[in-house]
There are 2 protein chains.
Amino acid sequence: MASPMHQVIAQDLRERIESGELLPGDQLPTELELRSRYGAARNTVRDAVRSLMTLGLVVSRQGQGTFVARRLEPFVTTLSPGPENGLSGTEGDDAFAEARRQHRRPSASVPRVETLLATRGIADELGVPEGTAVIVRRQERYLDGQPWSLQTTAYPMELAMQGAMSLLMAQDIPGGTFAYLRDTLGVAEVGHRDLIQVRPPTDDEARFFDLADNGRVAVVSCMRTGYQDTGEGPAPFRVTCTVFPADRNEFRISSGQVPPAQPAPAEG
Amino acid sequence: MASPMHQVIAQDLRERIESGELLPGDQLPTELELRSRYGAARNTVRDAVRSLMTLGLVVSRQGQGTFVARRLEPFVTTLSPGPENGLSGTEGDDAFAEARRQHRRPSASVPRVETLLATRGIADELGVPEGTAVIVRRQERYLDGQPWSLQTTAYPMELAMQGAMSLLMAQDIPGGTFAYLRDTLGVAEVGHRDLIQVRPPTDDEARFFDLADNGRVAVVSCMRTGYQDTGEGPAPFRVTCTVFPADRNEFRISSGQVPPAQPAPAEG
DNA sequence: GCAAATTTGTTCGTATGTATT
DNA sequence: CAATACATACGAACAAATTTG
């Protein structure tokens, strides 16, 4: 009963959206209209609309109006190994294959490569001393031309010293680094471990993914450490961090015996 | 240069927080102080502080002040099967074991049980017709007395008809439903598939997890479909949805050969 | 191409309510 | 009860982006 006016207005608008009275893409009443409809000040209706924006239910554009948000078609990334190969869908060619299965057109920027000294976090994951030289390869990845994910992979410089010089080249490695390291050095990934975190985007990430009100849409960070077999147990040799905006990505993990394929979602 | 005043103020405060000048738990200057410090109106400094709240950097409490947010100690849930058993850490006794390994004290509410007719979503996952009778068991789960996750599992009513009557009882099933179904009906889970989504909390979820400004902190929803072996391939027999607040939970997934244990994080 | 109208964004000022100390 | 601090609400003016005539 004692709810603040802006909450009441927000709740009312929310019900009109969720009931389907206002459809995605529809324009909400203007602030002037809402002001007279609810007998409230403009700042008050703006507070109400702002809370709907925080929920991602509406978006407003200066000079145009406020509109019911369109739901983004989620893209599903598989984090567990597929039955046919030992890979999974976050990285390289395999990510591309999964994207095409979902009828999306994947693309990626030319990799940017830098060499630096391992920070504490990277060193811990790679099992090397802090300050060890590492190669970092970065890529922006797109789906249907829209920003999809940011990927950063760190390898010990050691791998290049041993002959994997292509790691240092700022260009795609045909067939993927996975196959390249196996064929060049016999370094084969026999397992990996993912750590999934959800957090607010950095400014860079918000800019790349075009996340307007900074902080509203979270990002999912997937840090994958890849292991090779050394004869004395698995040892890490690369760590990849892939960052996805949470509002348009989902993740799938299979374990044990499950049906082979997922039924394709109904499309209009 | 042309940045709005509230953004400039927010950026300045943000830098003072991230540089360590203001430590977690410290009180920010009051709105009155900020107003005179930046020569801005109170509404303007409030806008600035609000954006820091959206980022989760500060929390404000009426009558007290605004404080730099304390980082929550993340809890790590393992989504992949462990080496010793065929389970993984989201559910039942296994979740409890994982919590204790991380030196947390887990607890859970007595299950609430209801029977209902499967909605479209549940029916699709269970591979039964829409409207089929299902048993739904719900639990609130806590870590060190703090709300941790909400778990809802749906089973076909068929399982109770075949003798698994405990599914209908609003009480814990000793040893877990996993073992119960195996021992009672020979229904053993041979695999499962997870779908992980990140979304704003519902009102119920925001209330349970005590997420203040509704919509700021996302929740991670993990929907796990469990499969049994029917001789004609795996068939689904249960679907569990576990919901975690994103600001205090992380997830780990292993695949292939990886080192057995994770080094315990350094503690102060 | 330009000017006017429309709509949201920013900023100011003020007053009162509510929770905490 | 009083003081403090954030929450809610009203009103007003101008800026910036977009659409319309």
Position A:Ala188, label points 7 Å along Cα→Cβ, spacing to each other copy in nm (shortest first, one decimal): 3.0
For chain A, average projected area of the Cα convex hull in nm²: 19.1 nm²
In nm, spacing of pseudo-spin labels at B:Glu158 and A:Ala188 (7 Å Cα→C-beta vector): 4.1 nm
Extended-chain gain in nm, criterion 0.36 nm per residue less alpha-carbon gap, B:Arg37 and B:Gln257: 73.5 nm
Mean shadow area of the stretch A:58-171, taken as a quarter of the surface of its Cα convex hull (nm²): 10.7 nm²
Chain B: relative contact order in percent, alpha carbon pairs under 8 Å with at least 6 residues between: 16 percent
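When the dipole is taken about the Cα centre of the protein assembly as shown, and only Lys, Arg (+1) and Asp, Glu (-1) are charged at their Cβ, what size is it in debye, to the nearest 20? Working shown, then result.
Working: 56 positive and 70 negative charges, 282 e Å.
Here the protein assembly as shown has a charge dipole of around 1360 debye.
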Only Lys, Arg (+1) and Asp, Glu (-1) charged, at Cβ; chain B dipole about Cα centre in debye: 740 debye
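Based on alpha-carbon atoms only, what is the radius of gyration of the stretch A:139-209 relative to the globular estimate 2.2 N^0.38 Å?
On the way: Rg = 15.2 Å, N = 71, 2.2 N^0.38 = 11.1 Å.
Relative to the rule-of-thumb radius for its length, the stretch A:139-209 sits at 1.37.
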Largest-first principal axis extents of the Cα set of the stretch A:11-65 (Å): 26, 23, 18
For the stretch A:96-149: span of alpha carbons on each principal axis (Å, largest first): 43, 18, 14
Rg followed by Dmax, in Å, when the protein assembly as shown is reduced to its Cα trace: 25.1, 75
For the stretch B:168-220, the spread of Cα positions along each principal axis, largest first, Å: 46, 26, 15
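Provide the FRET efficiency to the nearest 0.05 for the A:Met165-A:Arg61 pair, computing r from the beta carbons and using R0 = 56 Å.
That gives a FRET efficiency of 0.70.
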Dipole of the protein assembly as shown, positive direction: furthest Cα of A:Gly121, B:Thr153, A:Asn43, with charges on the beta-carbon: A:Asn43
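Just to verify a number: FRET efficiency for B:Arg101 and A:Glu232, C-beta to C-beta distance, R0 = 25 Å, to 0.05?
Numbers: r = 25 Å, r/R0 = 1.01.
It comes to 0.50.
Taking the Cα centre of the stretch B:5-68 as origin and charging only Cβ (+1 Lys, Arg; -1 Asp, Glu), how large is the dipole, in debye to the nearest 20? Can you show the working numbers first?
Values: 8 positive and 8 negative charges, 52 e Å.
Around 260 debye, computed over the stretch B:5-68.
For B:Ser19 and B:Thr132, what is the calculated FRET efficiency with R₀ set at 56 Å and r taken between the beta-carbons, to the nearest 0.05? Could you put the intermediate results ahead of the total?
Working: r = 58 Å, r/R0 = 1.04.
It comes out at approximately 0.45.
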B:Val113 paired with A:Gln146, simple spin-label distance in nm, labels 7 Å along Cα-to-beta-carbon: 4.4 nm
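If you wrap a convex hull around the alpha carbons of the stretch B:122-268, what volume per residue comes out, as a whole number of Å³? It would help to have the intermediate numbers written out before the result.
Values: hull volume 25.2 nm³, N = 147.
Spread over its residues, the Cα hull of the stretch B:122-268 gives 172 Å³ apiece.
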Dipole axis of the stretch A:75-252 (+1 Lys, Arg; -1 Asp, Glu on Cβ), positive-most option in A:Ala179, A:Phe251, A:Thr225: A:Phe251
√(5λ) per eigenvalue of the Cα gyration tensor, the stretch B:1-116, largest first, Å: 44, 17, 14
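Just so you know, all these numbers are worked out from the coordinates, no wet-lab data involved. Since we're looking at a predicted model, the values are computed, not measured. Methodologically, a virtual Cβ is constructed for each residue, glycine included, from the backbone with ideal geometry; neighbour enumeration extends over all protein chains shown.
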